[in-house]
1. Please list, ordered by residue number, the helices (runs of 4 or more DSSP H) wholly in the stretch A:98-164 having 2 or more residues that are more than 30 Å from A:SER53 (Cα to Cα).
2. Just the residues that are surrounded by 15 or more Cβ atoms within 10 Å (Cβ to Cβ), closer than 23 Å to A:ALA87 by Cα and away from chain B (no Cβ under 14 Å), please, taken from the stretch A:166-185.
3. Give the residues of the stretch A:342-352 that are out of contact with any helix residue (DSSP H, G or I) (no Cβ under 7 Å at 6 or more places or on another chain) and either more than 22 Å from A:LYS299 (Cβ to Cβ) or of a type in the set (A, V, I, L, M) (or both), sorted by residue number.
4. Could you figure out which of (1) modelled with pLDDT under 90; (2) farther than 24 Å from B:PHE234 by Cβ; (3) assigned to a helix (DSSP H, G or I) isn't true of B:VAL29?
5. How many residues, within the stretch B:330-356, are surrounded by fewer than 16 Cβ atoms within 10 Å (Cβ to Cβ) and out of contact with any Phe, Trp or Tyr (no Cβ under 7 Å at 6 or more places or on another chain)?
6. Taking the stated definitions as given, is B:GLY327 in contact (Cβ under 8 Å) with a residue 24 or more places away in the chain and surrounded by fewer than 17 Cβ atoms within 10 Å (Cβ to Cβ)?
7. Which condition number does B:GLU396 fail, the rest of (1) among the acidic types (Asp, Glu); (2) farther than 26 Å from B:PHE190 by Cα; (3) within 25 Å of the chain's Cα centre (by Cα) being met?
8. Taking the stretch B:420-444 as the search range and keeping residues that are loosely packed, with under 15 Cβ neighbours inside 10 Å and closer than 21 Å to B:SER238 by Cβ, which one is nearest to the other protein chains (Cβ to nearest Cβ)?
Amino acid sequence: MKHTKATIKKYCIRGAILLLTVVSILFADRLLCDHTAHGIRQARCIYDQPEDSIDVAMIGSSHIHCDVNTALLWEKYGITAYDYSAAEQPLWITYYYLQELCKHQKPKVVVLDLYGPARFKDDYQYEWLRDNLYGMRFSLTKARVMTTCIEPVYLERYFPDFFDYHDLYRDLTAEDWAEALETKDARAAFKGYTPYFKEAQQVEPALEPTLSGGITVKSEIYLQKIIDYTKENGMELFLIVTPYITTEQDEQVYNRVKEIAAAQGVDFNSTNYSYDEMGLDFDSDFNDASHLNYWGSCKFTDYLAGELLDRYALEDHRGDPYYASWDRHAAEIRRQVEDYLNSLNPEDRRERLSRITQLKKPLVSTLTK
Amino acid sequence: MNFDINTFGMLAGSLLPYYLLRKNWRPYVLLFCSCLYCWFLSPQALFCVLAVTFVYYLLGIALERLPYPRILFAAATACGIGALLFLKNVPLLQSVASEGSLLTRIVLPLGFSYYMFQAISYLADIRAGKIKAETNFCFFALYMLWFPKFLSGPIERAGDFLSQLRALPEVRLFEKDRIMVSLRFLLYGFFLKLMIAERLSPLTEKLFADPGAYSAPWLFLGMLFYTLELYCDFAGYSYVAVGISHLFGIDICVNFRMPYLAVNISDFWRRWHITLSTWLKDYLYIPLGGSRKGTGRKYLNLMIVFVACGLWHGGGGCFLIWGLLHGAYSVLCDLARRKGWKWLTEGFTGWLLTFAGVNLAWIFFRVPNLSHGLVYIKRMLLDHEGVAVFAAQARELGADAWFWGILLLSLAVVIFWEVLSERKHLLAPEGLGTLGELGGGLCFYALLMGMLIFGIYGVEASHEFIYMNF
């Protein structure tokens, strides 16, 4: 009896220590991991979204999470969208992202940005790989991502993730602690959109490409896989190119994708031919040559919403308490915009506010009060 | 054995079939895994070790059955030692060989130093009648190839190792706290390697590469750092090898017993690289006559042994100087004992002298050549610059507050643990098991979490252990 009690006590203590260790490792992982909003935060927060709440999944490169204003889509149209994207994301990672998304969500529409396959031609791309990988939870899907996007000789650099960023304890900030201790509700309120506020004057590209081609074999294979996957799972696929300073070479790829889309019966829109319709101002709506700033993203998102509502039947979920996280998301974006405006001098603030008035969004009425 | 994620994969890949398949297959499963491990390291190394294994397997049987065993043993030993000496000095020979010649393509096979000494000790033990020749080739091959000890030892004795293989079918994973004991050795070994050795490695690399660029205090610290790095790296590896072997029911020799607590040089060599020092004692020092042929002969034998020890580590003047230094220390230690000068060979003074002497000798172990070593020592003793220079060089070396904090805390843990374990006549990892379930569990947790967060591993770490280069 005594021996049994002692054995039970021994295993209880060991079990408790094991549990403590596991919890500590999970917390350390959350604390020390990169918290970038170039893909890691987008990938982490997807797991905290209410089950089957995302109607429109925006996937692809940073053009998505910089240019698609999910707060505007919600406030003005009641569309529940999530920017599930990462910097310079190639299509083979996007394909597995889509599979990961569909574990807990059933989006009606998948909007795929095509900048990645147009601009980057290497079959293995490492510059932003961490931002594409480290937000994803480990699973068979992630294992497949890694074997597809990492050459075997480099695998140990990226797996386990924790081995790569465990030494970031040196650079911890208050924000890192805040994010590690964030509640599930706070994470659910993040929908991927990260507004930029810089203004960099750009030159409108003059586009007259007639050729098509330049897409790599690997990209084309995975584009086809994405098309097949969305069809098999009853999702509409909308292939887009967001506004940026495009090039002849990029346009050739888009022409090729347009051909594929036409052959497969998939919707396609290169919005680089719709600058006027959007009302984009090349002097003030771009953060840099590749991304729109907040003002540009509002114009583009308004245009995109029109495209989505014309093509697909999307519900307006405003007022439904199940989607309260989108209300919190919109409030957070408003706060970020207000913080930015408050950082300006009075003259600049007036000028920016006048731009908001011109945008005619519900966001406007809140900020101009 | 290297340390990277593949090591854990190797371990898991070996444990599962070992315990799930038929028990009688266990030695063969381990042999297969060891061959696979060696293949992934280097196919040439696998070919070489299998060739040596086959030859010495036949030699072992031949020693028992053929006439003129003395001649056979002498020839086999001479060939083995000759091959080892040749391969150790290949880098020197290559520096004078003509480009493209056969000599320039020769490299010392991985693990050669260790398994060649094992093979020689195997034959010597048969010759001395201590053991019988192993008739099962696979068992002998496993003795030579066992993967946790393949790259950096310990140098196992055939009798101890082979007798355990026949008992492998009786081993149970969940008996005698096997998993906990193994985990303690693994944890402590990795703690030494990742918290201390890997942390010091970039600094010693810079300090020893260019001593002219650093001030005397930093060079002095460099000497200390290397002393710690070498111990933590090698002992860490050894503890990991013990822990892994224990998981399979194989107990290999412990190679270290807190050597830097030694109070004289003899004590040091009873604690440092124990399997090498006992090999040299049993197969070189004693056959030479040991201390049985007078004091003068004893001192000569000591010098021969330590020169051989130096040359085992590598060719060139530096290892020779290192060996000569240790030989001289041993002679002086014996002289001091004979004179009754106990204060030199016991207590705090004995410890201080031993630690200082070992530190100085390690300089020659580390530097690429003799003149470099002399420059290092000269600058360390003579060139002193101000505090501002020290601080500026600290920044350049990356020795910031985090570095010092984690290093000193880790050293405090290790020193505390080793002293405490020494008093209980236990090894440091065994000491973890004497704190009770809760105390031991919390210590385990603290060491593990400390290592996971503050340890140096991943892409920026070296993965390799220093002694695999020998």
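The values are calculated or read from the model by the stated rules, or taken from the named source; none is laboratory data. Just so it is clear, the structure is predicted and the values come from calculations on it, not from any experiment. Cβ coordinates were reconstructed from backbone atoms using ideal geometry, including for glycine residues, and neighbour counts include every protein chain displayed.
1. Filter on the stretch A:98-164 gives A:115-119, A:155-158.
2. Result: A:GLU179, single match.
3. Taking the stretch A:342-352 and keeping what is out of contact with any helix residue (DSSP H, G or I) (no Cβ under 7 Å at 6 or more places or on another chain), we get A:342-343, A:345-348, A:350-351.
Matches in the stretch A:342-352: A:ASN342, A:SER343, A:ASN345, A:PRO346, A:GLU347.
4. The number of the failed condition is (1).
5. 13
6. Details: in contact (Cβ under 8 Å) with a residue 24 or more places away in the chain: yes; surrounded by fewer than 17 Cβ atoms within 10 Å (Cβ to Cβ): no.
Answer is no for this residue.
7. B:GLU396 satisfies all of (1) among the acidic types (Asp, Glu); (2) farther than 26 Å from B:PHE190 by Cα; (3) within 25 Å of the chain's Cα centre (by Cα) except (3).
8. Per the criteria, the residue is B:THR434.
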